[in-house]
Each structure stands twice: as structure tokens, then as C-alpha cells.
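These notes concern the structure reproduced below.
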């Protein structure tokens, strides 16, 4: 039940007045002398007034004191206790206490939040500081790495240049290979043509040799037949020789007989001499023929052996020409094979030249990219150094922020929020 | 001029008057004789008469000489010997007046006769042949007697 202070004062006065009235009315019935009645009444009135006044003022002062203490605590930043007033009936002090408690609650909430935020800010700034330090270190590492990359890019550029040089030389070599392959192909073609001519010639030689061989063999047979005939002539000459020999003997004996006949045999002696001369002449001629026949036979034998030799040689020549033919065929095959391979090499080198041009373009692009990379690396290096500087500044700022957050926390810690904190 | 049969013993030309020659026989069948002497080359049948064959080169000690297939059969008045010579050549007329001394003193050479167209010819001394044969017969104990 709410009774305002003014009404409380009025009720108090009324209570005092009522007490005085009651006392004054009841006194005559008291077993006390009359003279005492008045002073007793006054005394009672005073007593009641004092008691009631004291009660009122004490209650009132107690509440005021509590409010004052609460204000003091609030002023000191102690937000841990609520203001408590004890009234039998609510009045304005309760309102003040309530309002103060609301203020205190708001403050407590605010300070709590500030403290929380400050703590968070401290922690965040600490971790930020740590992170910034780490990032600075990382930036330094990045800067070092970027330097290495920069040097690497230079090396890369040199290597690319060297590669390009080597590649140009290789392209020249490939061109030479292509030219050589072309020449080889041409030479192989010429070889094929020559081998073909050789094969034709060898075939012609084979035919000629075969023809000559046939003719020589025919001549050989003729020669054999000729020698046989000459031998027959020899045999006939032998017979003639024998006849001449006998004739000679007969002439000798006829001469002897004619001599024995003396004068009568003289003519016969001349005839016998003539016969002997004829026989001698025959013998000479037949000897001549025999010599001729012998010579012919000897020459025939020589011719035969020579022909056999020629036939052998021609057969050897035939075999050699056959072998030559085979060799020409092999040469043709090899040369055609070589020509095909040289053509393949030529095609391949053509592809290689195209590929080399592509690679050359690629190397040029790589060169550009490497140059761009070098430039970009320098930019990155510069940026990294700036970043390093920024990160150092950021580290400093983070440290400053941490300090400020700590100071804020110190400030906020002046407020006591919990009863335990007070203890 | 005397008709003379020219033959060779080794490389020397000998001559024999054809009056001393019966005939020239061409390789008649030759029959071996027992215990022959080195110069006795068997015997032949000459028209029914058996004649000894005397190897003149062997008798004259001419080594390495050829032998002709023809035999010179001597006339019966020359005791019918068949002579084996190196070669029977021919019958030529010789001028016996053109005799020259023999520088070799050949015992079988009766006379050395010069010729116009050929080297000189030694006339065979048939007597020396007989003498030699007889001496050899006697040496051999007379076992070889014609």
C-alpha cells in the first residue's frame, strides 16, 4: 500500500493528537490524584509525540541514509549493491531507490559491456599485434623470397637466353641435317639410277658372255673336231711316211741290186736313185706335214686348253657378272632404302624445323614472360617492402591499441559489478 | 766313183762299198741266241739263212748311240753278217781318191774320204770287224762261231 510522505506526516500528527485526546479523556478514570491528571496528560501527550516522532524520523532518516550511501557508492563506482529501503508503506524513497537501482543496473550493464569489449579489444589487439608481428616476419621472409625469386628470374632470363642461343644453333644444325638428308636422298637416287644402269649393263654383259660362251663352246667343239681331223691327217701321213720309208729301203736295195747287176743295172741304178730321191722328198714332205700336224695338234691342244681356260674364265666372268648383278640389285635395294630413310629424315627434319619455329616462338614468349616476371617481381619486391613497413606500423598501432584497451579496461575496472568483487 | 752306203755309228758317218752289202733289211724278226755276247744281238732269218746280228756301236765301244731298225746284211763273201748301226742313211757315190789321213786313228776306219757337200766319211774296215770278232770269239773260248 502506498502512502506518500506527506500523508505519513499527517497520519503521525493525527496519531499524536488522537493519543492526547484519548489520554485526556481517559485520565479522570485513572486512579490518580486529580492534580496529577493534567501533568500526566501533558506527559502522555509529549511521550506519544516523542515516540511517534522518533519512529517517523528514524524510519525516514534510515531511508535517506540508505539512499545517500547508495549515491556515494555509485559515485565511487560500486555498482555491486542494489539500494534497499524498508518501508511499511511505500513512498517516494522507494521510487528514488527504484530509480537509482535502474540507473545502477543500466550502468552495470554498460560497464559490463564496456569491460567485455575492452577485454575483447585487448585480446584482439594482442593477437593483432602478434599476427602483425608474424605478418611482418612473413613479409620479411616474403621479401627475402622475392629477392631470391628476382635473382632466380635473372638466372631464368639468362638461361632462357642461353636456351634460345642453343636452340638457334640446334635449328641451324637441323637445317644442315635436312640439307644433308636431301643430299643423301639425291645421292641415293643417283645411286639407284647408276645401279640400274649397272644392272642393265650387267644384264647386257651376261647376255654377251652367254652368247660368246656358246660361240666359244661351239668353236671348242669345232676345234676338237678339227684336231681329230688333223690327227687323222697325221695318221695318213704316218702311212705315207711308212710308204716312203719302205720306198727308201726298196730304193737302197734296188741300188744295191743294180750295182750287183753291173753294167746292165746302171740305168736301174739311176731309176732307183730317182725313186730314193722321191722317197726322201716324200719323207721330207711327210716329215714337214708331221711337224705341221704336230704343231697344229700342239697349237690345237693349246687352243683347247686356252678355250677351256677362256670358258672357265668366262664362266667365272659370268658368275662375277651375276654376282655384280646381285650386288647391283642389293645396291639398288639399299639405295632405295637409303632414299626412303633420307626422305623420312627430311620429313622429320621438316617437322623438326616447324617444331623448332614453334619452340622458338614459345621461347620468345617465355623470354617475354620472364621479363614480365622480373618486372613484376621487382614490383612485388617493392610492394613487399612497403607491406613490411605497413606491417611494422600496424604492429605499432596494434600495440598502441592494446595499450589503450588496457587503459580502458583499467578505467572500467574501477566499477564494481559484483558483490563478490567487493569482497 | 764308188757307190757307198752311208750309215752312222753314234754321230760318226761311216761308209761301206755296196758291193759288200747284200741288202738292207727292215726290222726282221730277231731271235735270241744262248750265252750272248754284249755285241751279239741275236740272229735273223735272211731268206732262209740264219745270220748273227752284230751290234757295231757296242763292238766299237760307242756308248749312248741310237740303233736303227734297219739292218745292213753283208754279202755272202763277207761271211753274211747282219750289222746293227745307229742309222742307215743313203747310198752315195764317193771318190775314193780323195782319201785323207784320219786324225783320230780309228781302227775301224779304212780310209777317210772327203766329200764336197758333207763332212768326210770313214770307210768301214770290215777286216778289222772280223779280226775283232775273231779275237773276241777266241777270248770267249770259241763259243760264238758263225
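Where a number appears in this text, it was derived from the coordinates with a stated rule and is not lab data. Because the structure is a prediction, the values reported are computed rather than measured. Every residue, glycine as well, gets a Cβ built from its backbone with ideal geometry; the counts of neighbours run over all protein chains shown.
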| Once you treat every alpha carbon in the protein assembly as shown as an equal point and sum by Debye, what is log10 I(q)/I(0) at q = 0.06, 0.08, 0.09, 0.11 Å⁻¹? | -0.76, -0.91, -0.98, -1.13
| query | So how far, in whole Å, is the C-alpha centre of segment A:372-420 from the one of segment B:4-40? | reply | 163 Å
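Considering all projection directions equally, how large on average is the shadow of the alpha-carbon convex hull of segment A:75-211, in square nanometres? Walk me through the numbers on the way to the answer.
Numbers: hull surface 95.7 nm².
For segment A:75-211, averaging the hull's shadow over all directions gives 23.9 nm².
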| query | Translational D (Stokes-Einstein, µm²/s) of segment A:266-423 at 4 °C and 1.567 mPa s when Rh comes from the Kirkwood sum over C-alpha pairs? | reply | 43 µm²/s
| task | Given the options A:61, A:362, A:405, state which has the largest fluctuation in a GNM of chain A using a 10 Å cut-off (strictly under) for Cα springs. | result | A:61
| query | How high is the FRET efficiency from residue A:105 to residue A:134, r the C-beta distance, R0 35 Å, rounded to 0.05? | reply | 0.25
| request: For each of B:47, A:245, count neighbouring Cβ atoms within 10 Å of the residue's Cβ, then give the residues from fewest to most. | output: B:47, A:245
| remark: GNM on chain B, Cα springs under 10 Å; top mean-square fluctuation among B:15, B:48, B:64 goes to B:48
| task | Would you mind checking segment A:170-214 for residues with the amide N under 16 Å from a putative spin-label position 7 Å along Cα→C-beta of residue A:360? | result | A:170-179
| segment A:229-332 - Rg and Dmax from Cα coordinates, angstrom | 27.7, 98
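Please quote Rg/Rh for segment A:1-76 to two decimal places, taking the Kirkwood radius as Rh and restricting both calculations to Cα atoms. Intermediate results must be reported in sequence, preceding the final value.
On the way: Rg = 18.1 Å, Rh = 14.6 Å.
My calculation puts Rg/Rh at 1.24.
Please work out the ratio of the alpha-carbon Rg of segment A:285-327 to 2.2 N^0.38 Å and round it to two decimals. All intermediate terms of the calculation are to be shown ahead of the outcome.
Numbers: Rg = 17.6 Å, N = 43, 2.2 N^0.38 = 9.2 Å.
Against the empirical 2.2 N^0.38 Å value, I get 1.91 for segment A:285-327.
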| request: Relative to the longest principal axis of the C-alpha atoms of chain A, give the angle of the C-alpha long axis of helix A:34-76, reported between 0 and 90° and rounded to the nearest 10°. | output: 20 degrees
| request: On a C-alpha basis, how far is the centre of segment A:28-78 from the centre of segment A:313-356 in Å? Whole number, if you could? | output: 145 Å
| What distance in nm separates the simple spin-label points at residue A:186 and residue A:270, each placed 7 Å from Cα in the Cβ direction? | 10.0 nm
| note | Each label sits 7 Å from Cα toward the beta-carbon; between residue A:210 and residue A:117 the label points are separated, in nm, by 12.1 nm
| query | Which order results if A:238, A:365 are arranged by neighbouring Cβ count within 10 Å, fewest first? | reply | A:365, A:238
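So if we plug the beta-carbon distance of residue A:414 and residue A:169 into 1/(1 + (r/R0)^6) with R0 = 51 Å, what FRET efficiency do we get, rounded to 0.05? Show your work: numbers first, answer last.
Details: r = 84 Å, r/R0 = 1.64.
It comes out at approximately 0.05.
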| remark: In whole angstrom, the spacing between the Cα centers of segment A:240-293 and segment A:127-174 equals 132 Å
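Suppose the chain between residue A:294 and residue A:65 were pulled fully straight at 0.36 nm per residue; how much longer would it get relative to their current alpha carbon spacing?
Working: separation 229, 0.36 × 229 = 82.44 nm, distance 18.44 nm.
Gain on extension, residue A:294 to residue A:65, equals 64.0 nm.
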| message | Just to be sure I understand: with springs between alpha-carbon atoms less than 10 Å apart, which residue in A:27, A:83, A:237 has the highest mean-square fluctuation in the Gaussian network model of chain A? | response | A:27
| task | Give me Rg over Rh for segment A:110-153, both radii from the alpha carbons and Rh done the Kirkwood way, two decimal places. | result | 1.44
| request: At q = 0.14, 0.17, 0.27 Å⁻¹, work out log10 I(q)/I(0) for segment B:15-70 with the Debye formula, treating every Cα as an identical point scatterer and leaving solvent out; two decimals please. | output: -0.43, -0.64, -1.29
| field | Which of A:263, A:273 has the fewest Cβ neighbours within 10 Å, and the rest in rising order | value | A:263, A:273
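Translational D (Stokes-Einstein, µm²/s) of segment B:1-102 at 25 °C and 0.890 mPa s when Rh comes from the Kirkwood sum over C-alpha pairs? Can you show the working numbers first?
Numbers: Rh = 14.2 Å.
Rounded, D is 173 µm²/s.
Would you please give the FRET efficiency between residue A:368 and residue A:124, computed as 1/(1 + (r/R0)^6) with r the Cβ-Cβ distance and R0 = 45 Å, to the nearest 0.05?
Values: r = 46 Å, r/R0 = 1.02.
About 0.45, to the nearest 0.05.
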| task | Relative to the compact-globule scaling 2.2 N^0.38 Å, provide the ratio for the alpha-carbon radius of gyration of segment A:160-387. | result | 2.73
